[in-house]
Each structure stands twice: as structure tokens, then as C-alpha cells.
């Protein structure tokens, strides 16, 4: 898949489809099955929410499919809900395809009722029919379609089942502009007031194009966006809103509950009635394996040890299985460097290509096998449904730090990359929760840090210990994130904690194409970064390490010639601050370079040591150079890994943190506390280890 900022524009005669659905409903699988490789990614105008689009040709018609953010409803609580709703209202797609999990029908149909209220053409993709059948649930699709008033197509998107039928039905519905044939009714008391408000809105030209009944329902729900819209566009908007507020107060007095809850209850009543008529459960129901597994993996006592065991197994697998292909790539880059050094004359060009490009970029690319294995493991955990269980398991522990299990999902995503981890905080309703999670997410060790850990652990620890050391560093990040979340929630971000409600999707067998696609997308981002950001950083660091040209004779101060380059001056300037941590001036250079991207730490160390030691920039040569350096030791390696874990994330992550928080103050706090905490933790590790005689 290519990523671009293009926006698909439909021409006359084309069909625009909005693909909607709950998280974990298989919406992305349906999108991939419909569009194949004809996709591109950008952002919705004015916001940071990702916009994924794709195309498919049906006869002489181009079908443009827009994958809306996954959402449980169209109530304007989260940014995803606002984006999904505004796209349907403002962009007027020809049809909305609502992907519904057939094994969790009642919960998923709540979103469907809101599309029905909007009065837009809707087609239901009744997905995961195989999972529903495995639970002994029989769904009369024709009857359910009649009861809801919308076409329904059963699908098993993971195997491509029903996709062609779905495409045909959605195109037919779009061309006929077939709106839902049913209306959700809310009972006599509510309907009277809905009709009264609808009548006040029907003839307002300023609200033309917006369904009056839907606006009335949203006003009764006290929807912020709709209330602001009415106040802004209508001359007597204030009077209307005051009447609505009196109506809400009257309803609360009569019904005994606020209007929003009453409307939600009626929707679920409509859904339950339809499901009771159209679904049956076999008496010979099969064993619900999801519940059986959950009894073990979400157990109050066993849940956290199982989670930790899975994480430990993941890092052991990454380190052990990734080692052989890593050696193969290392040999290939070593061969390339040796041949370039042989064919090119001595001089700046040879040094740039051998030491800067191959020593820097090659030193990062050899870790691709381990990065791919890490992303493979994360994809398997996500696609199987275990990630939600992990959040549920740690919910109790998260309460002690002022957050809840839902905040742990972005933190888990942070094991892959900090950028999507920060973006994933949009799903949190409370701004305090969002800001707290944004601030601590960088402490979760992203895949970009893994090459540094592998280098240092491989250099100073035997293979049977290296994986355990890396796991310990990842665990340290989790513990520090919990500690800092507690600090922030007790000081800067005080306030009540939002309730935690998380749906646990049924376990699913991850599909090979889906898992490989997710692994490749994330892995390709790493490779692309190596060819852009890391290449640029490697060339810059090579230049800083080459100029001013080191003196030909031994300097009078006894320092290596490289210490007199621009990079050497930077490192020597930082050395007084880093020396209490056990770091030399070369490490200082690599830490500064690592602000561009954490992988650049390895590239910079490779460039630094290859220039000084006249090595070929291979990991083996760098490993030997680190071992031979008297300032390095296993204790210094652990302190350095801890520093890399904690100190400010890459520039891209900091930019996203600034954009998502909307506050330069938040970014400044993140940079200040991560820098200070990194120094403090590394100081404790190094000086404490020396006191214990480990130095």
C-alpha cells in the first residue's frame, strides 16, 4: 500500500461508499477485500484522523470506498465519532456500508440505528457469520433485513465470503438511493416532543440538507455539535435551545431519567426486539471457546503472569529467531563495504559511502528481521483479540495510577511505534486521560529502540541472557509509565477518572494475508525511514565526524583525532553531564543524533567507531570496538539502554504529541521530564551498580 495525501474525487456516475462499523467488527478486512491494493492514506481536512480510501471498478462504474474511523456510535464524544458523522452528513456518500459483527449483533446494531435515524442509504455487511454459527446462533437474514428496513448481506470477510454480493448490493442501493424503510420509534412521550422540535426545524433554510428529525433527536440528547450549529445558524436559535432544555427537564421529571439515556434505552429496545424475532440459539450450542479461554487469560491471579509470559516469549522469539538472518544481512553489507573500499580511491567519497552510508544505514537495516518479527508478534496479538484482554487484565493495576485499561491500548501500540500510540489516545473520552497517556506513551519501548538494545545486549551479555535483559528494559518502561501516570494524575492533571467500559471481541484465528499485511506495512515504514531520515542523519553525522579535518599528527592534548571534529566538540561538551552515567563523549554524539530517530544511535556509533578504528562499519566490528572500549561494560550498557528507553522520543513523535495535545506546554513538559528522568534512572543504575561492585 502506498501512503499519500491525495484525496479521491468522484466524477459523475461514480459511487461513493462510506464504510463504517464498530472496532473489532472486521471493517478493515472488509475494506481490504473490496479494494485490494487500490488504496491510499491521508488525513481528513483540518484534523489528524487518518483517512483511508480505496477504489474498485464494477462494470462501467468506479466505486470509491472511504473507510471511516471505527466507532460505537455517532454521538459526538470522541474525535473519531465526530469525523465519521460529519463525513456522512457533509460529504453525502451514495451509500453507507455498516459492518456488523454477527457474533455480537445487539452491540453492533446500535450504530446501525443511528444511520437509520440519519435517513441515509444503508447496507449492512453481516460479517463473521462463521463466528456466530460457532456460537450456535442462527440468524434469519431476510427477516432481520425486513425488520430493520435495510439490505443485509452475510459475509465472512477473512475468507472473502460474500464480498462480491456485498459490492453488488451496495452499488444497487446507491444507484437507487434506497433509504431505510423503517424508523426507530421512541414511545409516545418522547415521540411527541421529537415531533414538536422537528416541526420547528423543518422549514429552516439555514439547516437545509440536514434531517430535521435527526436534529431534533440530537438536541434532546444535548449533542454539543448540533446545539452549537443551531445556535450559530438560526436567528432564534437561542429561544429554540431554551425550549429544548425545558423539554429535557420535563422528560427527566416524567421518565425519571435524562433524555439521552431514555433514547439509548429505546434504541436498544428496538434492537433487542428485532434480534429476538430474527435470531435463535441452538440448544446444542457449541462450547464458547472465547469464554473458556477468557476464564484463564483474564483470571484475577493468572492474568498478569500470563501477559508477562507472552511478552517475555515475544522478545525471546525476536532475539533468537532474528539472529541468523541478521548475520546474513551483516555479511552482505560487510561484503559491499569491502568491495566499495577496494574499487574506490581513498578520499571523502569512499569515506562517505563506506563509513557514512553503509556503516550508518546498513548498520540499521540489518535489524529488519528482528523488527519484522516484533511486528509479526504484535499483529498476531491484535488480530487474535488478545490485545483487548491485555487492557482488561491491567485495568485494576491501572486504576492505582489514575488511568484505566483503555489507556493501556495506546501504550501497547507504543511497543511498535510511538507515533500511532499517541494518535490512538483519541479514543479516550477524557482530555485528562488523553494528555496523561500521551505523556507516558513514549516510555513504552518502540521498535526503533530495539536495534540499540540488540547491539548492546549482544555485545555485553551471552545469548541466553540477552533476551532477558531486553525484556527487563521493556518492563522498566512499563513500570516507569505507570509511575509517571500516577505523578501526572496527582499533580498537573488532577480530576475524576472516567469509567472504563471495553468490549472483549471473540477470539479469532488470525489470517495469514492479514497478519503479513500488517507486518509488512509497519516493517516497510521502518525500511522507508532507513532510506530517508536515517540516511540523511547518517550523512550529516559523517560530515560532522569528518570536518574540520582531523589533524594528521597526534594532537598535543592526547585525545583521538576524531575528538577535534564538529561532532567531537559536541560530544566533549556533553561529556561532563554524561560522565556520572558512565557514558563517554562518543555516546553523547549518538544520543544527540538519536533525537532524529532512535535507530540513528546505532548508525552514529557505527560511523564513529568505524572512522576511528578503520573498520568497515559492520555490527561485528562495532561490537568488538565497544567491548574494547575501556569506558564500556555490562553495567554501562544497561544504563545506556535505560537512557535510550526514557529520553525524548524521535522528532516525529514529538511533532505528533504537539499536534494531538494542541499545546506547546505539553510538549515542553514531555521533553523536560523524559530528559530528567533518563538522567536520574541511568545515574541510579550506574552509580548503584558500582556501589554493589558490579562495575
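Could you list log10 I(q)/I(0) for region 313-442 at q = 0.12, 0.15 Å⁻¹, which the Debye formula gives when each Cα is one point scatterer? With one equal scatterer per Cα and no solvent, log10 I(q)/I(0) is -0.64, -0.80.
Quick check on region 15-176: take the gyration tensor over C-alpha atoms, sort the square-rooted eigenvalues as a ≥ b ≥ c, and tell me if it's rounded (a/c under 1.5), prolate or oblate. Judged from the Cα gyration tensor, region 15-176 comes out rounded (a/c under 1.5). When the square roots of the Cα gyration tensor eigenvalues are ordered a ≥ b ≥ c, the ratio a/c for region 188-281 is 1.5 or more and a/b exceeds b/c, which makes its shape prolate. Could you state, as a whole-number percent, how many of the C-alpha pairs of region 143-214 are farther apart than 17 Å? The share of Cα pairs beyond 17 Å in region 143-214 comes to 64 percent.
Residue exposure proxy: 609, 72, ordered by other Cβ atoms within 10 angstrom of their Cβ from fewest to most, comes out as 72, 609. Per residue, the convex hull around the alpha carbon atoms of the chain comes to 189 Å³. Taking every DSSP beta bridge that has both residues in the chain, what percent is antiparallel when rounded to the nearest 5? In the chain, DSSP labels about 45 percent of beta bridges as antiparallel. Principal-axis analysis of the Cα atoms of the chain puts helix 105-118 at an angle of about 70° to the longest axis. Once the Cα atoms are used to define both axes, helix 651-661 deviates from the longest principal axis of the chain by about 30 degrees.
In the chain, Cα pairs under 8 Å separated by at least six residues give a relative contact order of 11 percent.
Nearest 500 deg cm²/dmol is fine: what mean residue ellipticity at 222 nm does the chain get from its DSSP H runs of n ≥ 4 alone, each adding -39,500 (n - 2.57), divided by its residue count? That comes out to -19000 deg cm²/dmol. Listing 301, 83, 600, 540 from fewest to most neighbouring C-beta atoms within 10 Å gives 301, 540, 83, 600.
Quick note: the coordinates plus some simple rules give every number you see, no bench work behind them. Note that the coordinates shown come from a computational prediction; the quantities given were computed from them, not determined experimentally. For neighbour counting, all protein chains shown are included, and Cβ atoms are generated from backbone atoms with ideal geometry for every residue, glycine included.
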